[in-house]
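The values are calculated or read from the model by the stated rules, or taken from the named source; none is laboratory data. No experiment lies behind these values; they were computed from the predicted model shown. Every residue, glycine as well, gets a Cβ built from its backbone with ideal geometry; the counts of neighbours run over all protein chains shown. Quick note on the areas: whole protein, heavy atoms, side chains included, nothing else; ligands and nucleic acids left out. Shrake-Rupley method; radii C 1.70, N 1.55, O 1.52, S 1.80 Å.
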Amino acid sequence: MQLVEPRPSRPIPIRMTPLIDVVFILLVFFMLTSRLLPVGSLELANATPDQRTEAGEPIPELTVGNDGRVLWEGKGQSFELNELIPALAAEEISEVTLGTHPQTILGQFTQALTRLDAAGIETHWQRQSEQTP
């Protein structure tokens, strides 16, 4: 005597709805648990070596300070951005190296880089490490 009926020989279809639900739950889980780096600590890793222009003169080094002013290393003068671009044009400088102090806000560096690029000045950039005084 058989107590259980035999299973039919046809294949059982796989239902997709529960599988899709599980995939979406996993997606939400990984999106919520992943760690994104804040924009304020973006590491800029383009250390430009000492370069020279076509005429053999060293490329001027500019450093963006904490207050947004830009220090021209060769001259020892500090400029606002709107004063710096005419001063570079007066010296016929078309290429500079732009650096920052370790505590400089990323927005001020980006603003200086954008203004120099818009003025047609080729800009190499580097971020000073914490150990550099």
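Details
- Accessible area of segment 61-125 belonging to carbon and sulfur atoms, whole % at 1.4 Å probe: 46 percent
- When you work out D = kT/(6 pi eta Rh) for segment 61-125 at 4 °C and 1.567 mPa s, using the Kirkwood radius from C-alpha pairs as Rh and the Stokes-Einstein form, the result is 113 µm²/s.
- Rounded to the nearest 20 debye, dipole of segment 61-125 from Cβ charges on Lys, Arg, Asp, Glu: 200 debye
- Accessible area per residue for segment 61-125 is 51 Å², calculated with a 1.4 Å probe on protein heavy atoms, without ligands, DNA or RNA.
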